[in-house]
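**Q** Following this message is one structure expressed as structure tokens.
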Amino acid sequence: MEKTVLVYGDSNSHGTKPLPDLQTRGRYARADRWPGVMATKLGPGWHLVEEALPGRTTVHPDPVSGHHKNGLPVLPAILESHAPVDLVILMLGTNDMKARFGLPPVEIAICVEQLVRVIRQSVTGPGGAPPALLLVCPPPVLEAGCLAEIYAGAAPKSQSLAEAYAGVAERWGLAFLDVGQVIAPSPVDGVHFEMEDHHKLGLAIAVAVQAMEI
């Protein structure tokens, strides 16, 4: 039976290209963004659902980009819309590092844990059980290019985000992947990924999924 994997993320799961300026937007093709690379590696027994919104935060209405960027309120509806969901891959937290939110890594991890709780307490997996969950920590940002001011102060504090996320994964008994151990953001804007890094990440996440034996 085909398994459904739901990717819940932000612009780096959406496939947004590194931004040369704040007015230019580009998106990689399905086959070149990491969820598509992952799906190809996993093979025909998997159905991919991409739920990736640029600017999405964990739990914060964004006063600049819009209240709809809050990843918490819509999550139960998304889970129910695609049920039964065998696996959720959760990769959020980069946008929480924006200077406008002023959050330390420990609080970003507390926020992502709210999303973990929704997923692991839901009945949207096979047979009414919760979906399996792979928690993915985004890589440290670089404070570069047109996003440097927006992410002012994020580079040093983002270095300890993976440790905080690993604590969440341990508390909930989750599979965990630290993207910072696989790739780094593009120096063009310090946040988004080059195409070759999408391919590297997609393959690494596919390996992590296969190890879960879902």
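**Q** Of the conditions (1) more than 22 Å from ALA129 (Cα to Cα); (2) in contact (Cβ under 8 Å) with a residue 40 or more places away in the chain; (3) touching a helix residue (DSSP H, G or I) at 6+ places or on another chain (Cβ under 7 Å), ARG27 clears all except one; give me its number.
**A** Among (1) more than 22 Å from ALA129 (Cα to Cα); (2) in contact (Cβ under 8 Å) with a residue 40 or more places away in the chain; (3) touching a helix residue (DSSP H, G or I) at 6+ places or on another chain (Cβ under 7 Å), ARG27 violates only (2).
**Q** Continuing with this model, one more query. Can you name every residue in the range 14-24 that is in contact (Cβ under 8 Å) with a residue 12 or more places away in the chain and more than 18 Å from the chain's Cα centre (by Cα)?
**A** LEU19, PRO20, ASP21, LEU22, listed by residue number.
**Q** Being assigned to a loop (DSSP other than H, G, I, E, B), buried (at least 19 other Cβ atoms within 10 Å of the Cβ) and modelled with pLDDT of 95 or more, is that true of even one residue in the range 153-174?
**A** yes
**Q** Shifting gears a bit: Of GLU113, GLU50, which residue is of a type outside the set (Lys, Arg), in a strand (DSSP E or B) and closer than 27 Å to GLN210 by Cβ?
**A** GLU50
Residues checked against (1) of a type in the set (Asp, Glu); (2) at pLDDT 95 or above; (3) assigned to a loop (DSSP other than H, G, I, E, B); (4) buried (at least 16 other Cβ atoms within 10 Å of the Cβ):
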site	(1), (2), (3), (4)
ARG25	no, no, yes, no
ALA39	no, yes, no, yes
PRO54	no, yes, yes, yes
VAL59	no, yes, yes, yes
LEU79	no, yes, no, yes
VAL106	no, yes, no, no
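**Q** Within the range 116-143, how many residues are aliphatic (A, V, I, L, M) and part of a loop (DSSP other than H, G, I, E, B)?
**A** 4
**Q** Another question about this same structure. List the number of the failed condition for VAL188; all other conditions in (1) assigned to a loop (DSSP other than H, G, I, E, B); (2) in contact with a Phe, Trp or Tyr (Cβ under 8 Å, 6 or more places away or on another chain); (3) on the phi < 0 side of the Ramachandran plot hold.
**A** Evaluating VAL188 over (1) assigned to a loop (DSSP other than H, G, I, E, B); (2) in contact with a Phe, Trp or Tyr (Cβ under 8 Å, 6 or more places away or on another chain); (3) on the phi < 0 side of the Ramachandran plot leaves (2) as the failure.
**Q** A further question follows. Here is a check on your reading of the model: is TYR8 touching a residue at least 12 places away in the same chain (Cβ under 8 Å), farther than 24 Å from GLY153 by Cβ, among the hydroxyl-bearing types (Ser, Thr, Tyr) and crowded, with 23+ Cβ neighbours inside 10 Å?
**A** The answer is yes for TYR8.
The values are calculated or read from the model by the stated rules, or taken from the named source; none is laboratory data. In this text the structure is predicted, and so the values were computed from the model without any measurement. Counting neighbours? That spans all protein chains shown, and the Cβs are built from the backbone with ideal geometry, glycine included.
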